[in-house]
1. Are any residues in segment 253-269 in contact with an Asp or Glu (Cβ under 8 Å, 6 or more places away or on another chain) and either over 18 Å from ASN296 (Cβ atoms) or hydroxyl-bearing (Ser, Thr, Tyr) (or both), and if so, which ones?
2. Before we move on, is THR247 of a type outside the set (Lys, Arg), at pLDDT below 95 and farther than 23 Å from HIS136 by Cβ?
3. Taking ASP93 and the conditions (1) outside any strand (DSSP E or B); (2) closer than 21 Å to ALA236 by Cα, which numbered condition does it fall short on, given that it satisfies the others?
4. Taking interchain pairs and intrachain pairs at least six residues apart, which have beta carbon atoms under 7 angstrom, with the first residue in segment 270-298 and more than 14 Å from ALA248 (Cβ to Cβ) and in contact (Cβ under 8 Å) with a residue 40 or more places away in the chain and the second hydroxyl-bearing (Ser, Thr, Tyr) and in a helix (DSSP H, G or I)?
5. Quickly run through segment 100-116 and pick out the residues that are closer than 24 Å to LEU168 by Cβ and either in contact with a Lys or Arg (Cβ under 8 Å, 6 or more places away or on another chain) or without any contact (Cβ under 8 Å) to a residue 60 or more places away in the chain (or both).
6. Criterion first (in contact (Cβ under 8 Å) with a residue 24 or more places away in the chain, surrounded by fewer than 19 Cβ atoms within 10 Å (Cβ to Cβ) and among the β-branched types (Val, Ile, Thr)) does THR82 satisfy it?
7. When you go through (1) polar (S, T, N, Q); (2) closer than 16 Å to TRP46 by Cα; (3) modelled with pLDDT of 95 or more one by one for THR238, which number turns out not to apply?
8. Tally up the residues in segment 220-242 that are touching a residue at least 60 places away in the same chain (Cβ under 8 Å), touching a Leu at 6+ places or on another chain (Cβ under 8 Å) and not β-branched (Val, Ile, Thr), please.
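The values are calculated or read from the model by the stated rules, or taken from the named source; none is laboratory data. Computed from a predicted structure; not experimentally measured. As a convention, Cβ positions derive from the backbone with ideal geometry for all residues, glycine included, and neighbour counts pool all protein chains shown.
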Amino acid sequence: MKNRRAFIKTASIFGIAMPLASCHSNSNTNNQKSQEGVKPIIISTWEHGLDANKVGFEILKNGGSAIDAVEKGVVVVENDPTNQTVGIGGFPDRDGNVTLDACIMKGDGGCGSVAFLQEIKNPISVARKVMEETPHIMLVGSGAKKFALEQGFKTENLLTEQTKKDYLEWLETENYSPEINIENHDTISTLALDANGKIAGACTTSGAAWKMHGRVGDSPLIGAGLFVDEEAGAAAATGLGEAVIRTAGSAMVVEAMRNGLSPYDACKEVVDRIRKKHATLKDLQVGFVALDMKGNYGAYSIHPGFNYAIGTINGHTLFDAKSMF
């Protein structure tokens, strides 16, 4: 927890999204740069990515598609009420509303997204429906909810008793101030390359805890929180969403791989660029994971503490990403 607390610290009023769980005891401490994986392979951000990967890799191992693997994998995390960063039980905004964001993308450019979605616990599945059942890419707010209901999704109260308790305590201690602390959120992002060489990615979140009502970060934005291109690979972001949006972070990582950089070097180049652009934000944290079309993967962040999970036929492992500091 100490490492995670150090990772999460920030003074930015924009808010940084970080998770609660500490590193797994099997976390690799060698700060592996990148590695040539085998197909199929799945990679997810954070310790809760292990749970997503176990479900997603079963799909891949049985000949399933990358798009199914990433969707069904992150649904596991969305459905976990004890995870206060994603889906049901996610921390609310400063007005007490749980609002969810998600996007999904295939290597051929197909993509779908929802933002500011309320009372629907699986935004990633709604995002996939947007991709497959509409001519659009992104639906938001009441329109996204209306569409979800038309597609057969059911409404439910996403504010669990524990999260409600935490929110009421926050109201007393923070006096509605959007101070960012260790209870804040993080996304889960998952990238997968299947046995047929198809690549896909998914990203889902409940957004920064105690955010202003209506705030949307990078997670549902194609090119910012997630980008996938079958000619180069896939990338996903974590950290201060506003900084990622300003630099089209995940798209830039994929473009760097297209230009010949390894996944690790591509993540590092974009992290370095973000750090320079936000030099006055001393505690800024941003990190990326990336996967190329050969199964090579890598990750990099500004500060230590960012970990990511890898799933292959050889098993499931949690790695600590290398960092600038």
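1. Within segment 253-269, just SER262 meets the criteria.
2. Considered against the rule, which asks whether it is of a type outside the set (Lys, Arg), at pLDDT below 95 and farther than 23 Å from HIS136 by Cβ, THR247 comes out as no.
3. It is condition (2) that ASP93 fails.
4. Matching pairs, first to second residue: GLY298/TYR264.
5. Listed by number, the list holds a single entry, LEU100.
6. Values: in contact (Cβ under 8 Å) with a residue 24 or more places away in the chain: yes; surrounded by fewer than 19 Cβ atoms within 10 Å (Cβ to Cβ): yes; among the β-branched types (Val, Ile, Thr): yes.
Answer is yes for this residue.
7. (3)
8. 5
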